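The structure under discussion appears below in the form of structure tokens.
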There are 2 protein chains.
Amino acid sequence: MSILAVGSVAFDTITTPSGHAESVLGGSGTYFSLAASYFTEVRLVAVVGDDFTAEHEQVLKKRKVDTRGIEHEKGKTFRWGGRYLDNLNDAKTDFTELNVFEKFQPRIPAEYKDSEFLFLGNIHPTLQSAVRLELSDVKLTGGDTMNFWIQGAPEELRETLRLVNILMINDGEAKMLAKESSLPRAARKVLTMGPNALVVKHGEYGATIFFRDGTFGGGSHPFRAPALPIEEVKDPTGAGDSFAGGFMGYIASQEDVNREIIKRALFYGGVMGSFAVERFGTERLENLTRDEIDARFQVFRELTHLG
Amino acid sequence: MSILAVGSVAFDTITTPSGHAESVLGGSGTYFSLAASYFTEVRLVAVVGDDFTAEHEQVLKKRKVDTRGIEHEKGKTFRWGGRYLDNLNDAKTDFTELNVFEKFQPRIPAEYKDSEFLFLGNIHPTLQSAVRLELSDVKLTGGDTMNFWIQGAPEELRETLRLVNILMINDGEAKMLAKESSLPRAARKVLTMGPNALVVKHGEYGATIFFRDGTFGGGSHPFRAPALPIEEVKDPTGAGDSFAGGFMGYIASQEDVNREIIKRALFYGGVMGSFAVERFGTERLENLTRDEIDARFQVFRELTHLG
């Protein structure tokens, strides 16, 4: 089934201990779409400027991502620069140029209206809500947010959370959103705000999903998937969005949405995140095969499962 | 089979967001012994002062820990005070009074000499080496260390590492020991220093074991066990030593030492660590049952295993 993803398309300038990349294609919408494209049909809604060329679009098209929802505006594409020094979990921002992204008003093409899965990338909560409300056939909505909106648009975010089925954020964001320092307690509180499930991303330690009791045919027991201990993380940019792409892509590829499928999806999320960080930018996500993905899924299983 | 544990017995004064405890029984030897006592016979070598009463000793004896190796010296027992504020993974030390522990020279009672498993708690590496060399029947040695020795006694620690089969340290210690910022690379380097396996403890995210290729009947694939997301961590003190006690205790309770047993042991380590933090000091570890332990082992399995 098809996923509609709303998010950013950006050009990133990245420095890590492994090297430097200048103005490479990035953004939450890009990473999400590429990762999800190995599992199901993906439609992307985003905005770009004149500097986004046919060649850039080809990166997405080659992965059969439907790009008809990418709006082309006059001006420059969103640009971000950052560096990861000692701590690969934490980027220091060098610059943020919103450019055409500043006035982004997602417009859903008519051909996208029958989308059954929706991913709301990390944009203003009011835009997230508007997109969700425009789509009546959506079976499941996944969403991301960040500290900036948790602190800067708390009321709007509350509205969005009522429309999101599975929220995907990191440890710090979950604790900030719930105003709780204990993660399980924070999770329980977030689950009273709307979502049926909360995925907490732990960076190099994987992710935990917390469920509201009775949702997706199960109780309230959490489930944890690992991340792969990777020798050389070249560039952590996009790991979280690639995780979300693998997670939602796998769910959308299945007939049903139940606990077992969601658990496997959490593993596939980790798998796609682990590929993303092996190269700068989207390089690794552009040229995978489903066999490579499933082989790594097995590695994740062996990493965690008793005989 | 029996484990000989060498470590500290201490009185801890602890402040956490959940409360305060004054001069409660603690120390690496105490936590390790109590945790391991649910799996196998434990013999403790440590030193205490006049303030260590028969009542304190009874805590260990009730769990059938052999306390004949505890030396009683004139003076006060080792005392430590610390507080966990925002970050439950990281204690701020208020005071350290080594007292009788300062001149600790482990003496192995004759009745302990046939011990088949050995745990070298976090003491000076030279003392660790001396204990190991005194025991000729030992099949497997586990060891702990810390930043203080990695920086302060690197040569002595190198010697100890040649005598340790499974080293158990945390992320920061592994990276410091190997002078490597990537954990898998750090692990590989540590494994060239002597140990056949390295357990890296990740606090609330569990632990990963890295193996030297060909050891314990397997390849070099790592294995990861979770920690339980606990609503209220009352007191993290002793979690790592309780982990080590569960880990080594389970191994010592088995006929053989192979990969599958070591993987299960990693889960049991997490289980004992998760119990330890539920109450202040050793309270929770004093009154467990094997049924409670095995039930939590199942929870850990369900937390991580796909159907």
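Read the figures in this text as sums done on the coordinates, not as results from a lab. Computed from a predicted structure; not experimentally measured. We place every Cβ from the backbone using ideal geometry, glycine too, and count neighbours over all the protein chains shown.
The figures follow:
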item: Peptide B:213-226, shielding by other chains (average Cβ, 10 Å cutoff); result: 3
item: Unit Cα scatterers, Debye sum, the protein assembly as shown: log10 I(q)/I(0) for q = 0.05, 0.07, 0.08, 0.12 Å⁻¹; result: -0.24, -0.47, -0.60, -1.15
item: Residues B:Leu266, B:Leu60, sorted so that the one with the fewest Cβ neighbours within 10 Å comes first; result: B:Leu60, B:Leu266
item: Net charge contributed by nearby residues that have their C-beta within less than 14 Å of A:Lys64 (K/R +1, D/E -1); result: +2
item: For region B:31-95 and region A:64-131, distance of Cα centres in Å; result: 55
item: Dipole moment magnitude, nearest 20 debye, chain B about Cα centre, only Lys, Arg, Asp, Glu C-beta charged; result: 800
item: D_trans [Stokes-Einstein, Kirkwood Rh over alpha-carbon pairs] for region B:151-216, 20 °C, 1.002 mPa s, µm² s⁻¹; result: 181
item: Relative contact order of region B:197-307, pairs being alpha-carbon contacts under 8 Å that are 6 or more residues apart, as %; result: 25
item: GNM top mover of A:Gly75, A:Gly281, A:Gly142 - chain A, alpha-carbon springs below 10 Å; result: A:Gly75
item: Alpha-carbon spread of region B:1-73, three principal axes, descending order, Å; result: 39, 28, 19
item: Region A:10-127 - Kirkwood radius from inverse mean 1/r over Cα pairs (Å); result: 15.3
item: Region A:170-307 pair-distance distribution - Cα-Cα, 10 Å bins, rounded %; result: 12, 41, 34, 13, 0
item: Relative contact order computed over region A:142-213 (Cα-Cα under 8 Å; 6+ residues apart), in percent; result: 29
item: Selected from A:Gly121, A:Gly217, A:Gly270 as most flexible by GNM, with chain A as the system and alpha-carbon contacts under 10 Å; result: A:Gly217
item: Summed side-chain charge close to B:Phe216 - residues other than B:Phe216 whose Cβ falls under 13 Å, Lys, Arg +1, Asp, Glu -1; result: +2
item: Rounded to the nearest 20 debye, dipole of the protein assembly as shown from Cβ charges on Lys, Arg, Asp, Glu; result: 400
item: Region B:245-259 - phi-based ³J(HN,Hα) in whole Hz, Karplus 6.51/-1.76/1.60, Gly and Pro as x; result: x, x, 5, 6, x, 5, 4, 5, 7, 9, 5, 10, 10, 10, 4
item: Qualifying lysines (Cα of each under 21 Å from Cα of B:Lys103; at least 8 residues distant if same chain); result: B:Lys74, B:Lys76
item: Chain B shape via C-alpha gyration tensor axes, a/c threshold 1.5; result: rounded
item: Chain A: relative contact order in percent, alpha carbon pairs under 8 Å with at least 6 residues between; result: 18
item: Candidates B:Ile230, B:Ile70, B:Ile261, ranked by Gaussian network fluctuation over chain B, Cα under 10 Å, top entry; result: B:Ile230
